[in-house]
1. If I filter segment 8-22 for residues that are touching a strand residue (DSSP E or B) at 6+ places or on another chain (Cβ under 8 Å) and closer than 19 Å to residue 76 by Cβ, do I get at least one hit?
2. In segment 15-24, is there at least one residue being loosely packed, with under 14 Cβ neighbours inside 10 Å and in contact with a helix residue (DSSP H, G or I) (Cβ under 6 Å, 6 or more places away or on another chain)?
3. If residue 77 satisfies all but one of (1) farther than 18 Å from residue 29 by Cβ; (2) in contact with a helix residue (DSSP H, G or I) (Cβ under 8 Å, 6 or more places away or on another chain); (3) surrounded by fewer than 12 Cβ atoms within 10 Å (Cβ to Cβ), what's the number of the condition it fails?
4. Across segment 1-49, which residue is nearest to residue 61 (Cα to Cα) among those that are part of a helix (DSSP H, G or I) and modelled with pLDDT under 90?
């Protein structure tokens, strides 16, 4: 808020960016970034204990590729996850007869 105008106490309130913008982590919605990181970290630990330490790099490379796909989805449509959930739960059709 600028100090050029005199503000009325209690009338003006700062609006935080998180009210109208999604919270992103490395360009991906925070929930999906965390879920993808946990899945890849668990897989890396599992591969490290079962298959050996040389296989630990495979899930880490998979994380980079998957995170890149999530970034591209977010750049193309910021609400892609809400749209996908609505499509799966509400069963939208691709074509409607008038």
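1. yes
2. Yes: one or more hits.
3. With (1) farther than 18 Å from residue 29 by Cβ; (2) in contact with a helix residue (DSSP H, G or I) (Cβ under 8 Å, 6 or more places away or on another chain); (3) surrounded by fewer than 12 Cβ atoms within 10 Å (Cβ to Cβ) applied to residue 77, the lone miss is (1).
4. Selected residue: 18.
Every residue, every condition in (1) surrounded by 12 or more Cβ atoms within 10 Å (Cβ to Cβ); (2) part of a helix (DSSP H, G or I); (3) in contact with a helix residue (DSSP H, G or I) (Cβ under 9 Å, 6 or more places away or on another chain); (4) modelled with pLDDT under 95, yes or no:
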residue	(1), (2), (3), (4)
56	yes, yes, yes, yes
68	yes, yes, no, no
73	yes, yes, yes, yes
86	yes, yes, no, yes
94	no, no, no, yes
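The values are calculated or read from the model by the stated rules, or taken from the named source; none is laboratory data. If you're wondering where the values come from, they're calculated on a predicted model, not measured in any experiment. Glycine gets a Cβ as well: all are built from the backbone with ideal geometry, and neighbour counts include every protein chain shown.
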